[in-house]
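Shown next, in structure tokens, is the structure this report addresses.
The values are calculated or read from the model by the stated rules, or taken from the named source; none is laboratory data. Predicted model, so just to flag it, every value in this text is computed and none were measured. Here Cβ is always computed from backbone atoms with ideal geometry, including for glycine, and neighbour counts include all displayed protein chains.
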Amino acid sequence: MPDDLRKLYVGFGIDLERFNADGTWRLPMPARYVIDAGSVIRWSNVSPDHTVRPEPADTIAFIKEMKQ
């Protein structure tokens, strides 16, 4: 995480270094995967912005299509 963003987080009382308990300033990236019975990833959604997530209905629709 860049220094300017760290300062912003600290200004809000968010100390990722302490929260992560490993000395890092990393944020997790939310991800969703659909994996078939053969362990092949058939669909994925990964975004560095934790507010961007696929609609659950879209994931379910993909799974239904995959089953056919």
Open item on the list: Pairs needed: first member in the range 13-32, surrounded by 13 or more Cβ atoms within 10 Å (Cβ to Cβ); second member anywhere, among the β-branched types (Val, Ile, Thr); C-beta distance under 7 Å; at least 6 residues apart or different chains.
Closed with: Glu17/Thr24; Arg32/Thr59
Task: Pairs with Cβ under 6 Å, 6+ apart, first in the range 33-51 and free of Cβ contacts under 8 Å to residues at least 60 places away in the same chain, second among the basic types (Lys, Arg) - done: Val34/Arg42; Asp36/Arg42; Asn45/Arg32
TODO: Go through (1) at pLDDT 90 or above; (2) farther than 19 Å from Glu55 by Cα; (3) not basic (Lys, Arg) one by one and return the number of the condition Ile41 breaks.
DONE: (2)
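Among the residues of the range 33-55, write down those that are exposed (fewer than 11 other Cβ atoms within 10 Å of the Cβ) and among the hydrophobic types (A, V, I, L, M, F, W, C). It would help to see each step written out before you state the result.
Of the residues in the range 33-55, the ones exposed (fewer than 11 other Cβ atoms within 10 Å of the Cβ) are 37-41, 46, 48-52, 55.
Within the range 33-55, Ala37, Val40, Ile41, Val46, Val52 qualify.
Among what's in the range 59-68 and is modelled with pLDDT of 90 or more and surrounded by 10 or more Cβ atoms within 10 Å (Cβ to Cβ), pick the residue that is nearest to Met1 (Cα to Cα).
We begin by selecting, within the range 59-68, every residue modelled with pLDDT of 90 or more; these are 59-65.
Okay, now just the ones that are also surrounded by 10 or more Cβ atoms within 10 Å (Cβ to Cβ), so 59-63, 65.
Numbers: Thr59: 30, Ile60: 34, Ala61: 36, Phe62: 34, Ile63: 35, Glu65: 39 Å.
Ranking the qualifying residues of the range 59-68, first place goes to Thr59.
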